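Student: What follows is a structure written as structure tokens; I'll ask about it next.
Each reported figure results from applying straightforward, stated rules to the coordinates on display, with no laboratory input. Note that the coordinates shown come from a computational prediction; the quantities given were computed from them, not determined experimentally. Here the Cβ positions follow ideal geometry from the backbone for every residue, glycine too, while neighbour counts run over all protein chains shown.
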Amino acid sequence: MNIWKKSLAVPLVAALFVTGCSSATSNEENTTATSDKPATWIADRTIKGLIFQDAGDISTYMNPEIAKVLKEKTGITLEIQGVTSEDSTQALAAGLAAGDLPDFIGFYLNNSGRPEMPILLKAAKEGMFADLTSSLKNTSIYSKYFQDGYLPTDAKTNIMFRPDFNGATYLVYTAISRNTGQIGKKYVGGPFVRKDIMDQLGIDPSTINTTEQVYDLAKKMKDGHFKDAHGKDIYPIGPTVWGGKDVNSLFNDLVWTGPTEEKFMKDEAGKIKFESQTDYGLERIAFIQKLLKEKLIHPEFFTMEENRSKEALINHSFGIVAEMHNYIPENNNMTYVPLGPINYVNGPYQMQVDYKSGGGGWSIPATTKNPEDIVKLADFLASREGKLLAQYGIEGRDYTLDAKGNPIAKQEVLDLKASNPAEAAKLGFRGVGNWWGEYLGYTDLDPKGDFGEDAYGDAASADTNKTPNEIIKLWDYDGKLKAAKIVDGLTPLSFIYDFDQGADLRQAIDNYNESLLRAYYSSDMQKARKIMDEAAARLDKYGLKEYVQFLENKESAEKVSIKF
């Protein structure tokens, strides 16, 4: 856990479950569909979900007109709640410990090495979740998960169809792309830089590929006394658009990691190492301390709140934003453009594309009545008809259909989204920033195949995503994609809970990352080295060397593909 985050009190979360989320008595009786009901009808009942994610990622609001259409099509009244906490993993642990769960829960689960995994595994093995195997097999969309090659290896082997589940399915993975190596919406993520400053300095942003070049650029920005929108001197380097955190993409060549960002990688001899077994952690600390000392980086780079970071972006207060992406609405005027990308420790940057994408997950508590209804709702939301409602809204109100039956977003909706995003989100669908349909039904993704466009609004007007698309071209996204490495396999931390000391080692790895933050702000390198030596000793105590050997055995003896 981030050392600046507050701990969530378990009794508070437990109280939330007791008072607001009981499903044992809240559901109406399951009603069998009759001839006057549509083919998509499920049951006349209320389904409640509780989402364990960061507050900014949760949409609890159901637009009344959207809710009415969902009710007409399925009979379901959907109610979404979120746990307000600075640590979604602690909230998940507390919520499961409380035991009084709603009809389904949603959580982060982009890989099996996430800290949520042991919590979910323990709950599954203790009988807290319903076995969904037969219900999932009896669906149109989710039944694809049982086809060979549909799921990526980690999702199939480590999450959904684990051998130790003995044929049961307790955790359902989401955000799976329909086709191998499919990208869908083209995100350009990483550090961005003010275009006007780069133009004045006569520097092509794409030529900044090392941290030393970042340092030289930051010095030029400071010496140039560039101003923000209010005439104040900028900070050359600011935090991510989402607030302060340790970020790899700006310092890639000083972080012992590849695209998985787990700080495991192979050295030139092919030996797996964790960052603490190299000098890169200390080199990065020295570099960041130099930036802090010379006032080239904002002192709250690792701690700033998201709202202040967004405000700084709007005011152009940073020369470099450590991380953002091309769809950030506050950058619609394209003030900021991509910087780099920065090379990795082991060579030049190369795009890496997963064999299949993956994202969150959901489970149904064993206490839920008629769990097959929730599976049916998830399958409806994952269908084209369900996605159309959840992602595009209501025909006539929010979009029209072209000759091929694909949605064309209405211009007034696009205009409202551009001028007042918060008000547009009240329309209640993904295209305008409301994610209620994501938690159960965001999977089998092929936006171009389903709706004729990669990103919402593209078909309505070439100007809808003008800035994102210009950034895509500027960054040569398609060229990088053509040269991309397509990978399938498991990340190093995917195996952490199969290791005897896995839980303790996972905590030691988290402690290492927290120690980095302390070391960045330590008064000198001697104190920083002491902090990191203690973190490394803790890793060794809980089996890091043995875990590295464990990974090497997985690769060599068991022929397991590990992606770094």
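Student: Which pairs break 28 Å Cα to Cα here: LYS144/LYS466; LYS68/LYS410; LYS186/LYS273; LYS48/LYS144; LYS144/LYS563; LYS122/LYS376? Present the calculation step by step, with values, prior to reporting the outcome.
Tutor: Numbers: LYS144/LYS466 35 Å; LYS68/LYS410 21 Å; LYS186/LYS273 32 Å; LYS48/LYS144 26 Å; LYS144/LYS563 25 Å; LYS122/LYS376 26 Å.
Over 28 Å Cα-Cα: LYS144/LYS466; LYS186/LYS273.
Student: If you don't mind, another one. Among ARG518, ARG430, which comes first, then next, by fewest other beta-carbon atoms within 10 Å?
Tutor: ARG518, ARG430
Student: Still on this structure, please answer the following. So for the pair LYS293, ASN333, with labels modelled 7 Å out along Cα→Cβ, what separation do we get in nm?
Tutor: 3.8
Student: Next up: How would you classify the range 46-147 from its alpha-carbon gyration tensor, with a ≥ b ≥ c the square roots of the eigenvalues: rounded for a/c under 1.5, else prolate if a/b is greater than b/c, otherwise oblate?
Tutor: Taking the square roots of the gyration eigenvalues as a ≥ b ≥ c, the range 46-147 is oblate.
Student: I'd like the Karplus ³J(HN,Hα) series for the range 491-501: coefficients 6.51, -1.76, 1.60, θ = phi - 60°, whole numbers in Hz, and an x wherever there's a Gly or Pro.
Tutor: Values per residue, Gly and Pro as x: 7, x, 7, 4, 9, 4, 8, 8, 8, 4, 9 Hz.
Student: Could I ask something else about it? Rounded, prolate or oblate: pick one for the range 229-374, where a ≥ b ≥ c are the square roots of the eigenvalues of its C-alpha gyration tensor, a/c under 1.5 means rounded, and failing that, prolate if a/b is larger than b/c, else oblate.
Tutor: It is oblate, given that a/c is not under 1.5 and a/b is not larger than b/c.
Student: Amide H to amide H under 5 Å from SER177: which residues, 5+ apart in sequence or cross-chain, H placed 1.01 Å off N in plane?
Tutor: SER357, LEU445
Student: While we're on this one: Decide, for the range 342-427, between rounded, prolate and oblate: order the square roots of the alpha carbon gyration tensor eigenvalues as a ≥ b ≥ c, take rounded if a/c falls under 1.5, and otherwise choose prolate if a/b is larger than b/c, else oblate.
Tutor: Oblate shape, in that a/c is at least 1.5 and b/c is the bigger or equal ratio.
Student: Helix-only mean residue ellipticity at 222 nm, the chain, DSSP H runs n ≥ 4 weighted -39,500 (n - 2.57), per residue, nearest 500. What is it?
Tutor: -10000 deg cm²/dmol
Student: If you average the C-alpha positions of the range 318-388 and of the range 389-424 separately, how far apart do those two centres end up, in angstrom?
Tutor: The two parts, judged by their Cα centres, are 21 Å apart.
Student: Taking N as the number of residues in the range 440-564, what is its Cα Rg relative to 2.2 N^0.38 Å?
Tutor: Working it through for the range 440-564, the quotient is 1.61.
Student: Run through every distinct alpha carbon pair of the range 227-280 and return the Kirkwood hydrodynamic radius in angstroms, one decimal place. Can you show the working numbers first?
Tutor: Details: mean 1/r = 0.0735 Å⁻¹.
About 13.6 Å for the range 227-280.
Student: Then there is this: Considering the options VAL247, ALA269, PHE301, tell which one lies farthest towards the positive end of the dipole of the range 230-313, charges being +1 on Lys and Arg and -1 on Asp and Glu at the Cβ, about the Cα centre.
Tutor: Projecting each Cα onto the dipole axis, the largest value belongs to PHE301.
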